[in-house]
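The values are calculated or read from the model by the stated rules, or taken from the named source; none is laboratory data. Predicted model only: the values in this text are computed from it and were never measured. Cβ placement follows ideal geometry from the backbone for every residue including glycine, while neighbour counts extend to all protein chains displayed.
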């Protein structure tokens, strides 16, 4: 049987530990470097599979930047009505 | 590929606000935030001109320069994006931007300023491409779908052109040549042309 004194002591110890833990200071921000982007890494558009998204219409080879650029260039011509009507 | 750019043909823009609507619909932009808007000069006066304005994805972006937490980055295609998880909503970018591109949601009591939101050139942000998280924070990632910005693609008169800077410059040049006017609105000559009256040189020894 645990005595009342021991219970009180254990409770006090627990409160002391919790209080000390609350006083601790942990890093809330990443190490700041002036003038450098430190956010998340962004995937480049051509690194996606052409069929990865439901709404993809253009065709390119995954990882091939030039094929993605060619797809966009050809799509860009849809904004050129001279190319569309002539 | 050159940098991704927008160009708006003031001779063609009819102030229909189709680009604004297309942007809102594509990215599900919240109420009070306008990533794109149409500006009209001499509204109601014969000869009025309108242009559609959003983030111009500057080559030397002032928003990037002033951001105290450096949450901006530029993609290889020249699109200026930012990480909303890092943004502290200070509003410095709003004051630095000459186009009024950065927007701040005004939700909450006392006009609290939320995280900055701006045109992403329909290129999403630093989350997994075409994921729910990316859409919720930044909107649609059309570039990762092989498409171009919705505003430019939806423009009824094709006044707003968006895409590879070289390609859209060629489209605009061809258009201006065929119709025989409008070339003076944009271009090297307008930006850096020789003035009609040469500026008076300051006297030697004077403070600059």
Quick one: in segment A:71-86, of everything that is surrounded by fewer than 12 Cβ atoms within 10 Å (Cβ to Cβ) and part of a helix (DSSP H, G or I), which residue is farthest from the other protein chains (Cβ to nearest Cβ)?
A:85
Is segment B:149-164 home to any residue that is in a helix (DSSP H, G or I), at the interface with another protein chain (Cβ under 9 Å from one of its Cβ atoms) and crowded, with 23+ Cβ neighbours inside 10 Å?
yes
Here is a list: A:42, A:49, A:27. Which entry is in contact with a strand residue (DSSP E or B) (Cβ under 9 Å, 6 or more places away or on another chain) and either at pLDDT 80 or above or in a loop (DSSP other than H, G, I, E, B) (or both)?
A:42
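Working only within segment A:48-70, note down all residues that are surrounded by 15 or more Cβ atoms within 10 Å (Cβ to Cβ) and facing chain B (nearest Cβ under 9 Å).
Of everything in segment A:48-70, those that are surrounded by 15 or more Cβ atoms within 10 Å (Cβ to Cβ) and facing chain B (nearest Cβ under 9 Å) turn out to be A:48, A:50, A:53, A:56, A:58, A:60, A:65, A:68, A:69.
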Per the filter on segment B:65-97, residues more than 8 Å from every other protein chain (Cβ to nearest Cβ) and within 19 Å of residue B:141 (Cβ to Cβ) are B:74, B:78, B:79, B:80, B:84, B:87
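Please work out which residue is modelled with the lowest pLDDT, limiting yourself to segment B:124-139 and to residues that are more than 9 Å from chain A (Cβ to nearest Cβ) and part of a loop (DSSP other than H, G, I, E, B).
B:131
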